[in-house]
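The structure appears right after this line, and notes come after that.
The values are calculated or read from the model by the stated rules, or taken from the named source; none is laboratory data. For clarity, every value in this text was computed on a predicted model and none was experimentally measured. Counting neighbours? That spans all protein chains shown, and the Cβs are built from the backbone with ideal geometry, glycine included.
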Amino acid sequence: MRCLIVDDNQLARMAMKQLVNQVQMLELVAECNDAMQAYNYLNNGQVDLLFLDIEMPGMTGIELTKKLGTKRPLIIFTTAKTDYAVEAFELNVVDYIVKPVSLARFLQAVEKAKETLDSNKQEVKIEAKEFVFVKDNGILKKLNLDDILYLEAMGDYVKVHTAQKFHVLHSTLKSIEEKLPLNKFLRIHRSYIVSLQKIDFIQDGIISIGKATIPVAETYKSALNKRLNLL
């Protein structure tokens, strides 16, 4: 697992680095002395696991976790205090270790991270199927992923658009986004997910898919540009 250490205390970083170097499955890719530096690194580098301090000047570890959202690496909080445990686990982190960290406690947290990562990989493999089933008037109907043009959030429902018709699902866009293969679909707006292979053209922040025009929100433009196969 590729990991990143984030701590404003140099001695704490050195201690964590010594622990990481003792575990073969871990590869330390970088160290950061504040959350903003880590945020910038995570936007450009691939990381599986984050050893993250909480109390840091500027942005705290908890604030960084919230800022990273759902597309974040696995996180193990490393902190000198127990005060943040409840809030930390509400963020669905892997573990919460209180400093000083013993090797036994460190290994326990790393094993939990490995189990979580292996589980996530299995989910991705399952989701890589070329079809899904949607409920339409009480009937489960097979829908090929290649037929989906885009998905549109409508309150507590999501409209799945194909060239022929649309299906209305009682779900949130976030929930459906987590089940779609990442190589084919991308969220480009709080209300829209598009099929990348169905995009006809993009102009002035507007995506054209068939007869539909879909806005690209400013916060999603960078992710879209990274995914486009530009010549």
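From the list Ala15, Ala30, the one residue that fits, being crowded, with 16+ Cβ neighbours inside 10 Å, small (Gly, Ala, Ser) and closer than 17 Å to Ile76 by Cα, is Ala15.
What residue, among those in region 49-60 that are within 24 Å of Lys114 (Cβ to Cβ) and touching a helix residue (DSSP H, G or I) at 6+ places or on another chain (Cβ under 6 Å), is surrounded by the most Cβ atoms within 10 Å (Cβ to Cβ)?
Filtering first and then ranking leaves Phe51.
Entry remark, region 1-25: residues being assigned to a loop (DSSP other than H, G, I, E, B) and of a type outside the set (S, T, N, Q) number 5 in total. Check off (1) over 20 Å from Ser222 (Cα atoms); (2) buried (at least 21 other Cβ atoms within 10 Å of the Cβ) for Ala38 and give me the number that stays unchecked. Among (1) over 20 Å from Ser222 (Cα atoms); (2) buried (at least 21 other Cβ atoms within 10 Å of the Cβ), Ala38 violates only (1).
Taking interchain pairs and intrachain pairs at least six residues apart, which have beta carbon atoms under 6 angstrom, with the first residue in region 6-27 and in the same structural domain as Leu107 (by TED's automatic domain parsing) and free of Cβ contacts under 8 Å to residues at least 24 places away in the same chain and the second surrounded by 18 or more Cβ atoms within 10 Å (Cβ to Cβ) and β-branched (Val, Ile, Thr)? Sorted first by the residue in region 6-27, then by its partner, the pairs are Arg13/Ile5.
Return the only residue of Thr82, Thr70 being exposed (fewer than 12 other Cβ atoms within 10 Å of the Cβ) and within 25 Å of Lys179 (Cα to Cα). It is Thr70.
Here is a list of conditions, (1) under 24 Å from Asp156 (Cα atoms); (2) surrounded by 13 or more Cβ atoms within 10 Å (Cβ to Cβ); (3) under 23 Å from the mean Cα position of the chain (by Cα), and Leu196 meets all of them except one; can you say which number that is? Condition (1) is where Leu196 drops out. When each of Leu173, Leu169, Leu196 is tested for being closer than 30 Å to Asn43 by Cα and in contact (Cβ under 8 Å) with a residue 24 or more places away in the chain, the lone residue that passes is Leu196.
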